[in-house]
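Everything below concerns the one structure shown next.
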Amino acid sequence: MPYGAEFLTLLRDYHAMIVATTGDEQSRVIYDANSRAVPVIATDTPGNRDVVFRGQAGCLLNGSTAQIWLKPWLGWQALRTG
């Protein structure tokens, strides 16, 4: 989905946002989620660490925890959307 009004409208109804990045950059969608009071579950990278504060706006998962936690969900999501 292209970034814009449609995405931001859908974001309002999210229960949480998963941001599984491996780089150091900050993802703009974290700011978008925060602006809509949507908690963020993100990988613990320097960029995410700067904007996701544990217990306040979401949580950070280290690499091995993220793989364990996200793998079953991503498989379920692929079945649901495929």
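The values are calculated or read from the model by the stated rules, or taken from the named source; none is laboratory data. What you see is a predicted model; the values in this text were computed from it and never measured. Cβ coordinates were reconstructed from backbone atoms using ideal geometry, including for glycine residues, and neighbour counts include every protein chain displayed.
Quickly run through segment 9-20 and pick out the residues that are among the hydroxyl-bearing types (S, T, Y) and either in a helix (DSSP H, G or I) or touching a strand residue (DSSP E or B) at 6+ places or on another chain (Cβ under 6 Å) (or both).
T9
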Next item on the list: Look through segment 23-38, keep the residues that are free of Cβ contacts under 8 Å to residues at least 24 places away in the same chain and assigned to a loop (DSSP other than H, G, I, E, B), and return whichever of them is nearest to the chain's Cα centre (by Cα).
Entry: S27
Next item on the list: Check segment 3-10 and report whether any residue there is within 13 Å of the chain's Cα centre (by Cα), surrounded by 11 or more Cβ atoms within 10 Å (Cβ to Cβ) and modelled with pLDDT under 90.
Entry: no
